[in-house]
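For reference, the structure discussed in these notes is given below.
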């Protein structure tokens with residue numbers, strides 16, 4: 001008999017057909033892929049630099065953009081700063097805000113909690129729209145770990161926030177967490193995105209979460225180029241099994257055992273623009289000089305990209 005996790009995986013796989021691209025052939029013209037590089041500010045949070053300080057580091061290190069946490073933006077605004085001043089700062093630093101990291105309860109089944117979550121999400125979309133950000137993360141925050149995912153229902157919830165995002169030009173990127181007891185795999189995320197039946201549906205993968213949740217990496221080859229616009233790039237060590245690893249175990253891309261060249265090659269083969277965002281929570285790294293930490297991460301990402309065909 002299948003256990004619950006196995007059953008969820010097999011059920012998810014049955015819903016993927018709308019996300020699978022047409023078969024390609026050897027003589028077909030190669031798709032053009034444009035990579036850009038972003039710094040998720042979690043990577044340097046040990047420096048306690050504040051939002052403005054983090055933007056300064058990202059700019060000095062040479063990143064094209066950043067992923068900002070909504071809590072950090074709200075803290076910045078709470079100190080008397082304005083969205084216009086933040087937009088000006090981003091322009092001065094020549095940084096694009098590629099994504100907003102959010103934890104609203106949009107996917108919960110409790111109608112009261114979900115209504116509150118949708119209200120919070122809408123306010124966050126307004127904030128991001130004002131600073132030119134076109135994406136917001138949509139993870140399974142607040143979902144009861146003992147409640148199996150109903151993919152059709154979750155797809156309806158996702159479609160609802162996609163419609164909300166259209167009002168502000170900020171599209172929710174469906175994110176799965178490897179350690180989650182609910183939405184932890186690429187297969188599940190694809191099933192929910194397919195059930196949403198919406199052309200704007202997007203998946204936000206993360207190398208660590210693909211490993212931690214048991215997704216593996218070959219499933220990325222089933223995804224069309226437009227379905228992934230941004231990926232959290234990181235690596236993980238090979239000294240302990242997936243179930244024992246945590247976010248803090250993440251290491252620089254190329255310093256672990258993840259098949260990053262293969263992953264990047266798959267992303268390149270998809271075509272389209274792809275944002276590679278460095279997202280780490282390594283406490284040892286947090287003790288380092290933030291600028292050097294950011295520079296090292298960017299250099300390692302570029303080295304990997306330059307190593308693929």
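Points to keep in mind about this one:
- Considering residues of the range 187-206 that are touching a residue at least 40 places away in the same chain (Cβ under 8 Å) and in a loop (DSSP other than H, G, I, E, B) only, the residue nearest to the chain's Cα centre (by Cα): 202
- Hits in the range 161-177 - residues which are out of contact with any strand residue (DSSP E or B) (no Cβ under 6 Å at 6 or more places or on another chain) and crowded, with 24+ Cβ neighbours inside 10 Å: 176
- Residue count for the range 248-292, restricted to those that are more than 17 Å from residue 216 (Cα to Cα), within 19 Å of the chain's Cα centre (by Cα) and part of a helix (DSSP H, G or I): 4.
- Filtering the range 212-228 to residues that are touching a strand residue (DSSP E or B) at 6+ places or on another chain (Cβ under 7 Å) and over 15 Å from residue 265 (Cα atoms) leaves 226, 227.
- Just so you know, in the range 115-135 the residues that are part of a loop (DSSP other than H, G, I, E, B) and within 16 Å of the chain's Cα centre (by Cα) include one that is surrounded by the most Cβ atoms within 10 Å (Cβ to Cβ), and it is 133.
- Test: residue in the range 143-152 that is within 19 Å of the chain's Cα centre (by Cα), within 23 Å of residue 227 (Cα to Cα) and surrounded by 14 or more Cβ atoms within 10 Å (Cβ to Cβ): no
- Counted residues, the range 256-304 - those being over 16 Å from residue 37 (Cα atoms), surrounded by fewer than 16 Cβ atoms within 10 Å (Cβ to Cβ) and touching a strand residue (DSSP E or B) at 6+ places or on another chain (Cβ under 8 Å): 1
- Looking only at the range 57-97, and only at residues there that are in a loop (DSSP other than H, G, I, E, B) and within 23 Å of the chain's Cα centre (by Cα), the one that is surrounded by the most Cβ atoms within 10 Å (Cβ to Cβ): 63
- Members of the range 136-173 found to be part of a loop (DSSP other than H, G, I, E, B) and over 15 Å from residue 104 (Cβ atoms), listed by number: 144, 145, 146, 147, 148, 149, 150, 169
Any read-out appearing in this document is the output of simple, stated calculations on the displayed coordinates, not a laboratory observation. Worth saying up front: this structure is predicted, and the values here are computed from it rather than measured. Here Cβ is always computed from backbone atoms with ideal geometry, including for glycine, and neighbour counts include all displayed protein chains.
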